[in-house]
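Take a look at the structure set out below.
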Amino acid sequence: MSDLSTNHQNMSLTGKLNSQSRRPRLAVTLGDPAGIGPEVVLKALADSQVTSNCEITVIGSRYLLNAAYTQLRHQGIEDVATLASPETLSIIDIELDYGQRPQITPGVGNAASGALSFVYLENAIALTQRGQFDGIVTAPIAKSLWKAAGHDYPGQTEVLAQYSGVKQFGMLFVARSPHSGWVLRTLLATTHIPLSQVPNTLTPLLMGSKLDLLIACLASDFGIKKPRIAISGLNPHSGEQGQLGCEEQDWLIPWLEQERQQRPTIQLDGPVPPDTLWVKPGQAWYGNHQQYAHDAYDAYLALYHDQGLIPVKLMAFDRAINTTIGLPFVRTSPDHGTAFDIAGLGIANATSMKAAISLATELVNQRLSNPLAISG
């Protein structure tokens, strides 16, 4: 977080005042153009509630956006309130040559579509680093097609971190309940690695860095200065005093006690047994009693991918937003894939894309209103 701190501390008072008087500027990438990215982008940008509070520029190929718009209208989507016309959008056009055009077909992902999705992301990062945008909202890509195109990355998160020169970063999933309004925040300690590698990858050093990122993010992006955070155990019943696994006794509990001593103003509970960790979030998500939200935590730190994302997707499949924390700018993304099987059919749900744009707007506004907060 040191780069972020330096950047914000160097901001002049004049710059701070100017930042507070303008709307967030967001770059929205198309993702893989053979997937549902073009459709959910056009649907999301047709919603004035999403676009009225920010300035949006699409990073993609105008030719493919026009083709998607035409095809979707042929599917019966004709209401301008449902589908934005590319003619009304601000677009940074990644032009295609005539040889590329026939290679991109909705529902048929390939190396060509993977290569384009990578170029869209590269351009969004470069322009944001130059100060043209405050944040990036990314439509989904296919990792296998990136690899087919010669780009061997686990995902967009890792590209964003590498291109930004950031070594400490994390995947935070955020969702607001439509039932109660309560906000779920879940950070993953480990992400896209095999389950067999999780116990050896988890260390006190890694957990400390993730906790640092989470605490800084809660302060800078959500205005929560003294959060309540629940940390999951690794084994069933959190090891049951070593009977069901030794990681908790060997290092997780001692690490957590040390963190409590070093952070007296922050409530750190755990290691909570993984099977009961999600009871209070479920009650806060679906319940309408204020006590449920009061009992739930400000954030949850899960130790591996499925431990955190199975409950998140169970509660908020069409609303959860992937937020990369630790970057010098805001980045959000819908928590769903390319859905090649329904691309071009006009039935893709844009709720998550709308939520990703809205959350990016909120986070940028929070940073603009208090640019020094991220320094802690």
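The values are calculated or read from the model by the stated rules, or taken from the named source; none is laboratory data. These numbers were taken from a predicted model, which means no experiment stands behind them. Cβ coordinates were reconstructed from backbone atoms using ideal geometry, including for glycine residues, and neighbour counts include every protein chain displayed. The protein model used for the area step is the full one, side chains on, heavy atoms only, and it has no ligands, DNA or RNA in it. Shrake-Rupley method; radii C 1.70, N 1.55, O 1.52, S 1.80 Å.
Contact annotation: residue pairs with Cβ atoms under 7 Å, 6 or more positions apart or on different chains, pairing a residue in the range 140-151 that is modelled with pLDDT of 95 or more with a partner that is assigned to a loop (DSSP other than H, G, I, E, B) and of a type in the set (Phe, Trp, Tyr), are Trp146/Tyr153. Counting the residues of the range 19-65 that are of a type in the set (D, E, K, R), in contact with a strand residue (DSSP E or B) (Cβ under 8 Å, 6 or more places away or on another chain) and modelled with pLDDT of 95 or more gives 3. If you take the residues of the range 83-105 that are among the β-branched types (Val, Ile, Thr) and open to solvent by less than 30 Å² (accessible area, probe 1.4 Å), which of them is farthest from Gly35 (Cα to Cα)? Per the stated criteria, the residue is Ile91. In the range 94-103, the count of residues that are closer than 29 Å to Thr323 by Cβ and at pLDDT 95 or above is one or more. Restricted to the range 272-376, the set of helices (runs of 4 or more DSSP H) holding at least 3 residues that are β-branched (Val, Ile, Thr) and touching a Pro at 6+ places or on another chain (Cβ under 9 Å) comprises 351-369. Taking residues in the range 252-273 that are within 17 Å of Asp212 (Cβ to Cβ), and partners anywhere that are open to solvent by 80 Å² or more (accessible area, probe 1.4 Å) and outside any helix (DSSP H, G or I), the pairs with Cβ atoms closer than 9 Å and at least 6 places apart or on different chains are Thr265/Lys225; Thr265/Lys226; Ile266/Lys226; Gln267/Lys226.
If we scan the range 113-122, do we find a residue that is surrounded by 18 or more Cβ atoms within 10 Å (Cβ to Cβ), touching a residue at least 12 places away in the same chain (Cβ under 8 Å) and closer than 16 Å to Val330 by Cβ? Among the residues of the range 113-122, at least one is surrounded by 18 or more Cβ atoms within 10 Å (Cβ to Cβ), touching a residue at least 12 places away in the same chain (Cβ under 8 Å) and closer than 16 Å to Val330 by Cβ, which makes the answer yes. Of all the residues in the range 58-71, those that are open to solvent by 20 Å² or more (accessible area, probe 1.4 Å) and under 20 Å from the mean Cα position of the chain (by Cα) number 0. Of the numbered criteria (1) crowded, with 24+ Cβ neighbours inside 10 Å; (2) in contact with a Phe, Trp or Tyr (Cβ under 9 Å, 6 or more places away or on another chain), the one Gln366 fails is (1). The numbered conditions (1) under 16 Å from Ser61 (Cα atoms); (2) open to solvent by 30 Å² or more (accessible area, probe 1.4 Å) are all true for Val108 except (1). Would you say Asp298 is acidic (Asp, Glu), in contact with a His (Cβ under 8 Å, 6 or more places away or on another chain) and not assigned by the TED database to the domain that holds Ala124? Considered against the rule, which asks whether it is acidic (Asp, Glu), in contact with a His (Cβ under 8 Å, 6 or more places away or on another chain) and not assigned by the TED database to the domain that holds Ala124, Asp298 comes out as no.
Per this entry, Glu257 is not counted among residues that are open to solvent by 50 Å² or more (accessible area, probe 1.4 Å) and on the phi > 0 side of the Ramachandran plot. When we screen Ile321, Ile357, Ile347 for residues that are aliphatic (A, V, I, L, M) and surrounded by fewer than 21 Cβ atoms within 10 Å (Cβ to Cβ), the only hit is Ile347.
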